[in-house]
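Since every read-out is calculated from the coordinates, none of them should be taken as a lab result. Keep in mind the model is a prediction, meaning the values are calculated, not measured. When we count neighbours, we look across all protein chains shown, and the Cβ atoms used for this are built from the backbone with ideal geometry, even at glycine.
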Amino acid sequence: MPSGYFSSPLIFLIDVLFGLYTGIVALRIIMQWAQWEYHNPLVQFIIRITQAPIKFLRRFIAPMGRWDSATIVFLVALTLIKLVFISLVQAMPLGLLQLLRFGLADIFSLFITLFTASIIIQAILSWISPANSYNPITPLISRMNAPLLRPVRKWLPDMGGIDLSPLAVILGLQILAMLVLPLLTGHY
């Protein structure tokens, strides 16, 4: 069997497992930015699943203003570890500069994906959620997306009750990704 036979599933597995956990760590950063309600069940899950390594890092890394530097360092470290594992499986080791560039691109792409997915989820929930029901995700997503959607809502004309701001923001995020990711990875 060729050596690539097992490498593709292994790379997929590394990417998915690290991707899920780095997504949760990124949500912890977003949680601070959007000032999510601490007692929300999803917030409690995010805190519990990331608490041990971040608590350890806080012993060495002081916060920068209102930002938890330990969480940011942890996200960067996880992303770099993932890229090192993938490069080892591919038998193509990355240089330090390449590793940092691809790591930054991976983190940027992660945040674009999280915001795009959250806007889609918010739009779907607005269609299917009954008016008097409580969903613990709804207030979190609303607070997360408000800084992106609010300026676009002011700019767009009234469309008779149809809100096109989620579509405009998603298009903007995708264009931003198309412009920035090639610069970060060096693939123009």
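Inside region 132-188, residues that are basic (Lys, Arg) and under 17 Å from the mean Cα position of the chain (by Cα) make up a count of 1. Taking the listed residues LEU125, LEU94, LEU114, LEU110, the one that is in contact with a Phe, Trp or Tyr (Cβ under 8 Å, 6 or more places away or on another chain) and surrounded by fewer than 19 Cβ atoms within 10 Å (Cβ to Cβ) is LEU94, with no other qualifying.
Picking from residues in region 74-83 that are among the β-branched types (Val, Ile, Thr) and surrounded by 15 or more Cβ atoms within 10 Å (Cβ to Cβ), the one that is farthest from ILE54 (Cα to Cα) is THR79.
What pairs can you find where one residue is in region 165-182 and without any contact (Cβ under 8 Å) to a residue 60 or more places away in the chain, the other is not hydrophobic (A, V, I, L, M, F, W, C), and their Cβ atoms are less than 6 Å apart, with a gap of 6+ or different chains? Going by the 6 Å Cβ cut-off, the qualifying pairs are SER165/ARG153; ILE170/THR116; PRO182/TYR188.
Among the residues making up region 78-112, those that are under 18 Å from LEU183 (Cβ atoms) and polar (S, T, N, Q) are THR79, GLN98, SER109.
Residue-by-condition table, conditions (1) in contact with a Lys or Arg (Cβ under 7 Å, 6 or more places away or on another chain); (2) of a type in the set (A, V, I, L, M, F, W, C); (3) more than 29 Å from ASN135 (Cα to Cα):
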position	(1), (2), (3)
ILE14	yes, yes, yes
LEU20	no, yes, no
LYS55	no, no, yes
GLY65	no, no, yes
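Which number in (1) exposed (fewer than 12 other Cβ atoms within 10 Å of the Cβ); (2) among the hydrophobic types (A, V, I, L, M, F, W, C); (3) under 29 Å from LEU149 (Cβ atoms) marks the one condition that PHE6 misses? So the condition that PHE6 fails would be (3).
From the list LEU57, LEU42, the one residue that fits, being under 24 Å from ASN145 (Cβ atoms), hydrophobic (A, V, I, L, M, F, W, C) and touching a Phe, Trp or Tyr at 6+ places or on another chain (Cβ under 9 Å), is LEU42.
Applying a threshold of 7 Å to beta carbon distances and a minimum spacing of six or more residues, or different chains, the list of pairs starting in region 29-45 at a residue that is over 14 Å from TRP67 (Cα atoms) and ending at one that is acidic (Asp, Glu) reads VAL43/GLU37.
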